[in-house]
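Just below is one structure, and these are the notes that go with it.
The values are calculated or read from the model by the stated rules, or taken from the named source; none is laboratory data. These numbers come from a predicted model, not from an experiment. Cβ placement follows ideal geometry from the backbone for every residue including glycine, while neighbour counts extend to all protein chains displayed.
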Amino acid sequence: MSSSPPPSQPHPPPSLHVVLVAPEIPWNTGNAGRTCLAVGAQLHLVEPLGFSLDERAVRRAGLDYWARVVPNLHVWPTWAALEQRLPELGTPFFFAPRAARDFQEARYPAPTVLVFGCESVGLPDDILAKYAAKTVSIPMRDPELRSLNLSTTVAVAAYEVWRQRASGG
């Protein structure tokens, strides 16, 4: 009597999504993709992109992991296209350097969507105004510091979600 291996189980949908709106720097996107793999998140990119996804710099920043990011990568043609599907993805949180609410005060339910703007100007004002109650920031002691690096912000935020979920909080 031969036994066959059990059928493979489908992967559950991700409970964490990371959205980069109009990212400009390939290294940041590659690093964000690597962070997404580390925490089990799905990466979403909203066009226009400031680079080609075929660029060596994206693959290099994602190291040999970028090939594992690509099958789960979702590229949206516009913010409006992603926004229409946002309720299906989860509860959104919008990161902005000057948001009044500290990102550690927020509670991130499953599923959660972390939304970040481009490196030079952040999220557009109309998005921040529409979702003002869902904006959060990572505190910075230096008041003259404009913002943190995008990939650093993605990592800090994603690991805060993971920390909260691991601690039941």
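Return the residue satisfying two criteria in turn: it lies in segment 8-26 and is surrounded by 19 or more Cβ atoms within 10 Å (Cβ to Cβ) and modelled with pLDDT under 90, and of such residues it is nearest to L53 (Cα to Cα). Top of the filtered list is P26.
Across segment 34-47, what is the number of residues that are farther than 23 Å from Q84 by Cα and either in contact with a strand residue (DSSP E or B) (Cβ under 8 Å, 6 or more places away or on another chain) or not in a helix (DSSP H, G or I) (or both)?
Initial filter on segment 34-47 (farther than 23 Å from Q84 by Cα): 34-35, 37-40.
Going one step further and asking which of them are either in contact with a strand residue (DSSP E or B) (Cβ under 8 Å, 6 or more places away or on another chain) or not in a helix (DSSP H, G or I) (or both), we end up with 35, 39-40.
Number of matching residues: 3.
Is it true that some residue in segment 53-69 is in a loop (DSSP other than H, G, I, E, B), hydrophobic (A, V, I, L, M, F, W, C) and either over 28 Å from A129 (Cβ atoms) or at pLDDT below 95 (or both)?
Pass one, segment 53-69, residues in a loop (DSSP other than H, G, I, E, B): 53-55, 62.
Then drop every residue that is not hydrophobic (A, V, I, L, M, F, W, C), which leaves 53.
If we keep only those that are either over 28 Å from A129 (Cβ atoms) or at pLDDT below 95 (or both) too, we end up with 53.
Within segment 53-69 (the criterion being in a loop (DSSP other than H, G, I, E, B), hydrophobic (A, V, I, L, M, F, W, C) and either over 28 Å from A129 (Cβ atoms) or at pLDDT below 95 (or both)), the answer is yes, since at least one residue qualifies.
Screening P92 against (1) modelled with pLDDT under 85; (2) of a type outside the set (V, I, T); (3) not in a helix (DSSP H, G or I) leaves a single unmet condition, (1).
So in segment 118-135, with the set limited to residues that are among the charged types (D, E, K, R) and surrounded by 16 or more Cβ atoms within 10 Å (Cβ to Cβ), which one is modelled with the highest pLDDT?
Keep residues of segment 118-135 that are among the charged types (D, E, K, R), which gives 119, 125-126, 130, 134.
Right, trim to surrounded by 16 or more Cβ atoms within 10 Å (Cβ to Cβ) and you get 119, 134.
Values: E119: 95, K134: 98.
Per the stated criteria, the residue is K134.
Taking the criterion of being assigned to a helix (DSSP H, G or I), touching a helix residue (DSSP H, G or I) at 6+ places or on another chain (Cβ under 9 Å) and not hydrophobic (A, V, I, L, M, F, W, C), the residues of segment 70-88 that qualify are N72, E83.
So, in segment 118-135, how many residues would count as being closer than 20 Å to N28 by Cα and in a loop (DSSP other than H, G, I, E, B)? It would help to see each step written out before you state the result.
Filtering segment 118-135 for residues closer than 20 Å to N28 by Cα gives 118-124.
Narrowing the set further to residues that are in a loop (DSSP other than H, G, I, E, B) leaves 119-121, 123-124.
Going through segment 118-135 one residue at a time, the tally reaches 5.
Of all the residues in segment 95-117, those that are assigned to a strand (DSSP E or B) and surrounded by fewer than 18 Cβ atoms within 10 Å (Cβ to Cβ) number 1.
Please tell me if W162 is within 18 Å of L37 (Cβ to Cβ) and either at pLDDT below 95 or surrounded by 12 or more Cβ atoms within 10 Å (Cβ to Cβ) (or both).
Numbers: within 18 Å of L37 (Cβ to Cβ): yes; either at pLDDT below 95 or surrounded by 12 or more Cβ atoms within 10 Å (Cβ to Cβ) (or both): yes.
So W162 passes the test.
Any residue that is surrounded by 19 or more Cβ atoms within 10 Å (Cβ to Cβ) and either in a loop (DSSP other than H, G, I, E, B) or under 13 Å from the mean Cα position of the chain (by Cα) (or both) - is there at least one of those in segment 136-147? Yes.
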